[in-house]
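The structure under discussion appears below in the form of structure tokens.
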Amino acid sequence: MKHFTWRRALPLLLALFLLPGLLGCSGQSGLKTVRLSEVTHSVFYAAQYIAIENGYFAEEGLQIELTNAGGADKAMTALLSKTADIALMGPEASVYVYNEGREDYARVVGQLTACDGAFIIGREPMEGFTLEALRGKSIIGGRAGGMPLMDLEYALRKAGLEPGEDLTVLDHVQFNLMAGAFAGGEGDFTTLFEPTATEFENAGSGYVLGSVGALAGPMPATCYQVTGDTLKKDAATVEKFLRALYKGQKFVAEEDAVTVAKALAKQFPDTDLAVLTRVVGRYREIGAFAASPVLEQEPYDRLLDAIEQAGELKARPPYEKLVDNSLAKKALS
């Protein structure tokens, strides 16, 4: 029998020390980590959070590492720099990157919301509100070139109001600073996403007057985007992601507002359940939640119209180039 020596034991001890580290690289749960960068954190994205909380992503072998980018420009930067695998943002970001001539541009692979999710907030309640009430006034609309601002301007033009002539649209305030700017006295009106809009109203800081999405019409406000390189090398993961998301979308469509709100509660720990329930109902009223991740051409074309009217469109990227529904359709089946 060979005697025990440290020289013989050393390789075994090193392997034991290294084993936990190796397991950590692949994830102790055995799930594949997907780094998801979202443009902001809102009940607007209910299906995504429900897919996380109800374990739909885990059922597909995925673990979501979620970060709040605080703007579509930042979410796109994360995607292109490969610090994010998938980005949730307005598809206008992909339009800009495509028109810059980048070879590995971002592709839209799934739709999450079917219209703009912002609500118009005023300092006083107004019964029978129409956009005509904004004539001669000012409204904080968001970052120049961003979809929330362009959706608002699209709705204004539909109502016969030309931004910069019939009213002042403020575009210098960053998306996540709009509520604070309005509370501080800037602008006669502002637009806010939920649950901020309802919480703002409950605090007596403003009043929800109307929906930008309802006024502008169906449009892909937020979509999942990946680089062409990711589609080429890891389409299977993207398909699993979209399959889990679709389960979340069906849950949002089929369950009542209270049940949906309860499923969202962990994602919004500082928001009262009654507020979450009201917000879910409000978004349902305007048809904000997309029924599936498949993005059709008509709302895509309307999106390009809005960008073009805003003077931000160099060229209209072909639908077939920018939108890839192949994995979304597989996820549905």
Out-of-range pairs (alpha-carbon distance over 24 Å; input Lys82/Lys266; Lys32/Lys266; Lys240/Lys314; Lys250/Lys321): Lys82/Lys266; Lys240/Lys314; Lys250/Lys321
Residue order, fewest to most surrounding Cβ atoms within 10 angstrom, among Glu132, Glu312: Glu132, Glu312
Region 119-216, dipole about Cα centre (Lys/Arg Cβ +1, Asp/Glu Cβ -1), debye to the nearest 20: 100 debye
FRET E, pair Leu177, Asn54, Förster distance 51 Å, beta-carbon r, rounded to 0.05: 0.95
Shape category assigned to region 23-103 from the gyration tensor of Cα positions, a/c cut at 1.5: oblate
Selection from Gln249, Val108, Thr230 lying farthest towards where the dipole of the chain points positive, charges on Cβ: Thr230
Selected from Gly128, Gly117, Gly70 as most flexible by GNM, with the chain as the system and alpha-carbon contacts under 10 Å: Gly128
Efficiency of FRET between Arg135 and Glu186 - r from beta-carbon atoms, R0 22 angstrom, step 0.05: 0.70
Calculated from backbone phi, Karplus (6.51, -1.76, 1.60) coupling profile of region 326-331 in Hz, x at Gly/Pro: 4, 6, 4, 5, 5, 4
Nearest-ten-degree value, helix 297-309 long axis tilted from longest Cα axis of the chain: 60 degrees
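Quick one: order Asp229, Asp116 by neighbouring beta-carbon count within 10 Å, fewest to most. Don't skip to the end; give the middle numbers.
On the way: Asp229 11, Asp116 32.
Lowest to highest Cβ neighbour count: Asp229, Asp116.
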Residues Phe268, Phe129 arranged by fewest to most Cβ contacts within 10 Å: Phe129, Phe268
Using alpha-carbon coordinates, inclination of helix 273-285 to the longest axis of the chain, degrees: 70 degrees
HN-Hα J in Hz across region 93-109 - Karplus 6.51, -1.76, 1.60, θ = phi - 60°, x for Gly and Pro: 4, 5, 4, 4, 5, 4, 5, 6, x, 5, 5, 9, 6, 7, 10, 7, 10
Relative contact order, percent, the chain [alpha-carbon distance under 8 Å, six or more residues apart]: 27 percent
Dipole of the chain, positive direction: furthest Cα of Leu170, Gly160, Leu192, with charges on the beta-carbon: Leu192
Helix-only mean residue ellipticity at 222 nm for the chain, each DSSP H run of n ≥ 4 adding -39500 (n - 2.57), per residue, nearest 500: -13500 deg cm²/dmol
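No value in this document is a laboratory result; all are computed from the given coordinates. It should be emphasised that the depicted structure is a prediction, and the values quoted were computed from it without experimental measurement. Quick reminder, even Gly has a Cβ in these numbers, built from the backbone with ideal geometry, and neighbours come from all protein chains shown.
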